[in-house]
1. So how strong a dipole does the chain carry about its Cα centre when Lys and Arg Cβ are +1 and Asp and Glu Cβ are -1, to the nearest 20 debye?
2. Could you tell me the calculated FRET efficiency between residue 49 and residue 15, based on Cβ-Cβ distance and R0 = 25 angstrom, to the nearest 0.05?
3. Dividing the Cα convex hull volume of the range 1-82 by residue count, how many Å³ per residue is that?
4. For the chain, what relative contact order do you get, as a whole percent, if you take Cα pairs closer than 8 Å and at least 6 residues apart?
5. Grab the other residues whose beta carbon is less than 12 angstrom from that of residue 19, score K and R as +1, D and E as -1, and report the net.
6. Can you check what the net charge comes to around residue 38, using other residues whose Cβ is under 11 Å from the Cβ of residue 38 (Lys, Arg +1; Asp, Glu -1)?
7. Could you tell me which residue out of 15, 99, 65 lies farthest along the dipole of the range 2-120 toward its positive end? Charges go on the beta carbon: Lys and Arg +1, Asp and Glu -1, centred on the Cα centre.
8. Tell me the label-point distance for the pair residue 79, residue 3, using the 7 Å Cα-to-Cβ offset, in nm and rounded to one decimal.
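Just so you know, all these numbers are worked out from the coordinates, no wet-lab data involved. Worth saying up front: this structure is predicted, and the values here are computed from it rather than measured. FYI the Cβ positions are ideal-geometry reconstructions off the backbone, even for glycines, and counts take in every protein chain you see.
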Amino acid sequence: MLRLIRSFSFAFNGIKVCTARHSNFKIHLFCMLPTIALAIAFRISVNEWVAVLLCIGLVLSMEMLNTAIEQLCDVVHKEYHPGIKVTKDIAAGAVLVSAVIAAVCGAFIFIPKILSFIQTI
């Protein structure tokens, strides 16, 4: 049991480090807030909630993995190295792909609701 508690403390520490030190993670957290507010305001369906939460989790997780890869690369090779650059670029690209997919999913969910709301005004 103690081992499990320690594992969770390490995980929460990783979230804390990302939140405290990495601006891109903060940006993703900031974007999460209006998304959740819109979801509540428009009373989205359970399936839409699942999609929204999966997208949020995917983007935040990818940003954390990108951060971990960058940190590891910086420890392994402090100076510029073309192989390290490619590794970091690929990790950053993974974050971008997940963020674009999340934005597209959000558009499918929220644009019809926003347009419907505008029509009622």
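1. 320 debye
2. 0.70
3. Numbers: hull volume 11.4 nm³, N = 82.
Residue-normalised Cα hull volume stands at 139 Å³.
4. Details: 52 pairs, mean separation 34.5, N = 121.
Relative contact order here is 29 percent.
5. Computed value for this residue: +2.
6. Its environment carries a net charge of +1.
7. Sorting the options by dipole projection puts first 15.
8. Spacing of the two 7 Å Cα→Cβ label points: 4.3 nm.
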